[in-house]
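A short write-up of the structure that comes next.
The values are calculated or read from the model by the stated rules, or taken from the named source; none is laboratory data. On a predicted model such as this, the values are computed, not experimentally measured, just so you know. Every residue, glycine as well, gets a Cβ built from its backbone with ideal geometry; the counts of neighbours run over all protein chains shown. Protein only, heavy atoms only, side chains kept; ligands, DNA and RNA dropped before computing areas. Shrake-Rupley method; radii C 1.70, N 1.55, O 1.52, S 1.80 Å.
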Amino acid sequence: MNQKASNPIHVLLICGGGSSEHEVSLRTADFIERELQKCPDLKLTRVTMSAEGQFHDGTGKLRELRSDRLLYGSSGEAQPVDYVIPAIHGYPGETGDLQSQLEILGLPYYGCGPEASKLCFNKVTTKLWLSALGIDNTPYRFLCANTAEETAKARDALKKWGAIFIKASNQGSSVGCYKVTEEAALEQVLNEAFRLSSYVLVEKCLTVRELEVAAYTYEGELVITPPGEVCAPADTFYSYEEKYAENSRAETHVVAQGLSDAQLGWIYEASKRAFIGLQLKDLSRIDFFLTDEGDIYLNEVNTFPGMTPISMFPKMLQNQGHDFSAYLAELIRTAVNQTA
């Protein structure tokens, strides 16, 4: 049962966060704000989180969400919060830290829970869980320290595979991701990756098609879209800049062409197994690699995908025949009614 417009649901939209993905988070929040403005029974307050964890509203004034689930203003005024959208990419939104705080407050929120968020944000633990769930993923090594003994694993991988990706384990959206083909570049790249994360992933570089599915809950049912495709320029990979820059040269196709029924079936089943096995909630974007030899690997799980004008998740949801504002509003109303 929906609340009447005279008693709207108060939704707190949190964006920013101060990480390397701060600006992308603001653009995601722009999209969500526009969509929820279509819903008269929802009242939206948007705040931007600083790197220090403080909330500021659109006028720059300080706001504070306290344990009584009231959002306080700088003059002491307060309003109850019914639901939270933690639209922060990277730390502390996708890492589970913000979700843990919301769990303590007893506030329902959009997206995956603390444990699933933390697990999927860490590239090493993600691969360990995918293997445990029986889902193929790219060949890899992982390094737990920037020592000669550990970095020797990266050198061995480079000699064995010819080309590798070095990835900071606890960064999102291709931040801290480097392609290495020459041993002379390895030391500098490893130093940079370890500066960003205490664990580093070394992956075999493959010639692949990059496929993505949107997996989300719609009217109580899990929806997994047909895969779309991202085509990076031939002289680079799908880096952070290619993902989010306005002048990105990457091409995106909402529906990938030329996939067999068997390939589509494998991607669907792997996505379903990952969503259920990792205990994801509300939404995710699940990315796959399809090699020239026809092998398919699950590359990563993004628990809060970008929603910028060039982002794939909202495009694939819309292509499925679903309206984003209706989808999110239904999740909000259901969660609030269940906690009332």
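Entry comment: accessible area of the chain is 45 Å² per residue, from protein heavy atoms only and a probe of 1.4 Å. Couplings 3J(HN,Hα) for the range 107-116, derived from phi with the Karplus relation 6.51 cos²θ - 1.76 cosθ + 1.60 (θ = phi - 60°), are 9, x, 8, 7, x, 6, x, x, 5, 5 Hz, where x marks Gly and Pro. Note that the range 120-210 shows a convex hull volume over its alpha carbon atoms of 96 Å³ per residue. Once Rg and the Kirkwood radius are both taken over the C-alpha atoms of the chain, their ratio Rg/Rh works out to 0.98. Across the chain, the longest piece that holds none of the GluC sites (Glu not before Pro) lying in DSSP loops with up to 11 other C-beta atoms within 10 Å covers 78-181.
Rolling a 1.4 Å probe over the protein heavy atoms of the chain, with every protein chain left in place, gives an accessible area that is 48 percent carbon and sulfur. Considering only alpha-carbon pairs that sit under 8 angstrom and 6 or more positions apart, the relative contact order computed for the range 181-340 is 24 percent. Contact order for the chain, expressed relative to its length and based on alpha carbon pairs under 8 Å spaced 6+ residues apart, stands at 18 percent. Both radii come from the Cα set of the range 59-197: Rg as radius of gyration, Rh as Kirkwood radius; their ratio Rg/Rh reads 1.13.
For Glu300, the residues 5 or more places off, or on other chains, whose built amide H falls under 5 Å of its own are Asp287.
Other residues whose C-beta falls under 11 angstrom from the C-beta of Phe142 contribute a net charge of +3, scoring Lys and Arg +1 and Asp and Glu -1.
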